[in-house]
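The values are calculated or read from the model by the stated rules, or taken from the named source; none is laboratory data. Just so you know, these numbers come straight off a predicted model, no measurement behind them. Cβ atoms come from the backbone with ideal geometry, glycine included; neighbour counts cover every protein chain shown.
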Amino acid sequence: MRTTITLGGHEVPAFESRGTTDGPRVAVLGGVHGCEYSSIAAVIRLMRGLGEHAGTVVGVPVVSMDSFTQRSPFVVPRDGQNLNRAFPGNPDGSYTDRLAHDIFTQLIEPADAVLDLHGGDLVEALEPFAIYNDARSRDLALAFNLPYVVDSTGSLTGMTSAAADVPAVLAEAGGIGQLEESAVALLTDGARNALKYLGVLDGDPEPSRSKVLGRFDWHHSTPAGFWVAAVKAGDQVAKGAVLGEVRDLYGDVLQTIRASDDGVVLFLTTSAAVAAEGLLLGLGCDERTGA
């Protein structure tokens, strides 16, 4: 069951579990972003406790080893690119492009379904949610049973879930550089329920309790400055509500950030230091009735 796989020139630890009966091949990924520790731990816990199952499950806790070992949030340190905007990758491109190509060709492309586990990064608080990028992945995302599911069809290109030609979900819990037991449990339990939905594990999946949101609205700072948030991850806000201020180091307000629409704060930058055009938070908007 324990093996290794070569990704981006690194031999990285991996699990491969072959079931007792035929079934789908499922790839479970972690560590696309190297400081999302609860999601990394969830891949390990899932694979070590998988038990009897159908099909084949391949789990890789950390696919971007440089990001993990160098504690690099959001980007691959060799070239400063976001790996989860680079799929399916390019074997002749930058290091991140080549790494994305390795992950895509060795893990994503051979799979019948992809579960990519994430969380808030080193300076990012987060309310648990799952993302899907096409209609065939919707029920798989709902099976994770996280508080929210976001329909990202046609947006956020370059992600694992968007590049896959099979049902694929990006599931997120935990954040701010912490290894949180509650987040590990949420992702592990969600992945096991998703594997039941796929017929890999026995039993019926639990009915989904997730709220479905129609889109992300991302809010950025215009100037560089000192970010003072007025909300927390998970807060419900109304259109026009003050979400925080970007100030200078004299304390003067440079920009007031207001909610673009009614929604819920799904992720929030916790670093006070922000760059010009820096990402501050993401609102999940357009709540839809019915799972």
Quick one: count up the residues across the stretch 51-70 that are free of Cβ contacts under 8 Å to residues at least 60 places away in the same chain and in a loop (DSSP other than H, G, I, E, B). 5
One residue is enough: does the stretch 97-109 have a residue meeting the conditions assigned by TED's automatic domain parsing to the domain that holds Leu201 and in contact with a Lys or Arg (Cβ under 8 Å, 6 or more places away or on another chain)? no
The lone exception for Thr222 - which of (1) modelled with pLDDT of 95 or more; (2) assigned by TED's automatic domain parsing to the domain that holds Ala113; (3) more than 17 Å from Phe129 (Cα to Cα) it fails: (2)
Report the residue count in the stretch 132-184 for those that are of a type outside the set (Asp, Glu) and outside any loop (DSSP other than H, G, I, E, B). 23
Can you report the number of residues in the stretch 3-39 which are among the acidic types (Asp, Glu), in contact (Cβ under 8 Å) with a residue 40 or more places away in the chain and more than 23 Å from Asp79 (Cα to Cα)? 1
For the stretch 75-131: of the residues being in a loop (DSSP other than H, G, I, E, B) and among the charged types (D, E, K, R), which is surrounded by the most Cβ atoms within 10 Å (Cβ to Cβ)? Asp121
Only residues that are more than 16 Å from Met65 (Cβ to Cβ), without any contact (Cβ under 8 Å) to a residue 60 or more places away in the chain and not small (Gly, Ala, Ser): list them for the stretch 92-121, please. Asp92, Asp97, Phe104, Thr105, Glu109
Do you know which of the residues in the stretch 186-236 that are surrounded by 15 or more Cβ atoms within 10 Å (Cβ to Cβ) and basic (Lys, Arg) is farthest from Gly263 (Cα to Cα)? Lys196
Of the residues in the stretch 153-168 that are among the β-branched types (Val, Ile, Thr) and modelled with pLDDT of 95 or more, the one that is surrounded by the fewest Cβ atoms within 10 Å (Cβ to Cβ) is Val166
Criterion first (in a strand (DSSP E or B), out of contact with any strand residue (DSSP E or B) (no Cβ under 6 Å at 6 or more places or on another chain) and modelled with pLDDT of 95 or more) does Asp22 satisfy it? yes
For the stretch 189-235, enumerate the residues that are in a strand (DSSP E or B) and over 30 Å from Ile44 (Cβ atoms). Gly214, Arg215, Asp217, Trp218, His219, His220, Gly225, Phe226, Trp227, Val228, Ala229
